[in-house]
1. Listed highest first by mean packing, meaning other Cβ atoms within 10 Å per residue, what order do 84-94, 181-191 come in?
2. Determine, for each peptide in 15-27, 137-149, the mean count of other beta carbons within 10 angstrom over its residues, then list the peptides with the highest first.
3. Give a residue-ordered list of calculated ³J(HN,Hα) values for segment 164-169 (Karplus: 6.51 cos²θ - 1.76 cosθ + 1.60, θ = phi - 60°; whole Hz; x for Gly, Pro).
4. For segment 185-197, in order, what is each residue's ³J(HN,Hα) by Karplus, 6.51 cos²θ - 1.76 cosθ + 1.60 with θ = phi - 60°, in whole Hz (x at glycine and Pro)?
5. Regarding segment 126-282, what's the average projected area of the Cα-atom convex hull, expressed in nm²?
6. Quote the relative contact order of segment 102-219 in percent (integer), defining contacts as alpha-carbon pairs under 8 Å separated by 6+ residues.
7. Describe numerically, in nm with one decimal, the distance between label points set 7 Å from Cα along Cα→Cβ at Leu240 and at Gln186.
8. Taking the alpha-carbon centroid of each part, what is the distance from segment 1-47 to segment 64-118 in angstrom?
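Values quoted throughout were computed directly from the atomic coordinates according to the rules given, and no laboratory measurement underlies them. None of these values were measured; they are calculated from a predicted model. Positions of Cβ are backbone-derived with ideal geometry, glycine not excepted, and every protein chain shown enters the neighbour counts.
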Amino acid sequence: MALLQLQKDQPFSLDLTLSCGQVFRWDKNPDGWWYGVVGNHVIKIRQDGAALSYEGVPERFIRHYFSLDTDLNAITASFDCDPYIHSAIVQCRGLRLVRQPAWECLVSYICATNSNIPMIRRRIATIAQKFGTAIEFEGKHFYTFPDPSSLGDSCPATLSECKLGYRSPYVLGTACDIPDEKKWQQTMVSLPYEQARRELMKLKGVGPKAADCIILFAFQKYEAFPVDVWIRRIMREHYLKTLSEDSALTGWEYDAIRRFARQHFGEHCGYAQEYLYAAREG
């Protein structure tokens, strides 16, 4: 078991980071240990104060995945610009955005359309179990997430067994549209935010919100500001009071909200979004 001492001046909350809705393949045991599969690794990790105990990956992997190499204080200070977001920052101190594997993140947010988090988790787990590779860890089987070719070679009937509903052809079609995962990822990293967003929305099943989530969580383009019903409600109640109370989120409203967020919260508005979302029921 390895031990990582956290910097005293850099806050980190493992529980907040893994439970705030940005990732779907982590589970916490009653004894405080979190288990997750990232890439080809099963990770076991827990936090006790300023120390992380973990196994399954080297320290550099933990630091990179959990963004422990970024100055979180500087990031939150950059958007600590009004009482409401300040309250969210205080409440969610130590929440960091993880660096998610891009292909898994893409499929996850296609599966997230019009769904709640438990349903998304079940879909992703079923896809991994059916098409991924089994890894035995502590007497249990965990599964890697399948690459695009593994899903692209499956027939629609087989993929439909994962209970994806209307999303099944979207996942299959997107897998076929990305024959080279590494090349696709490199291209996306090189593109500026707006262009990367447009490219993602060309893929089957990727709308504005999914595109912004993927850009934010997989490619660390922090100017992305995903808008769902929760964020729309927060923005209407605290920032954009001209938004109507009862209407559904339209494309025009979505763009108005994300433009306001970029101007109001700055270049790390995507981080601000996650703090607003995580603090919404606090």
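1. Ranked from most to least packed, the peptides come out as 84-94, 181-191.
2. The packing order, highest mean first, is 15-27, 137-149.
3. Karplus-based 3J(HN,Hα) across segment 164-169 equals 8, x, 5, 7, 4, x Hz.
4. 5, 4, 4, 5, 4, 6, 8, x, 3, 4, 5, 4, 4
5. That works out to 11.7 nm², a quarter of the Cα hull's surface.
6. Taking the mean separation of contacting Cα pairs over the length of segment 102-219, I get 30 percent.
7. Distance between label points: 3.8 nm.
8. 14 Å
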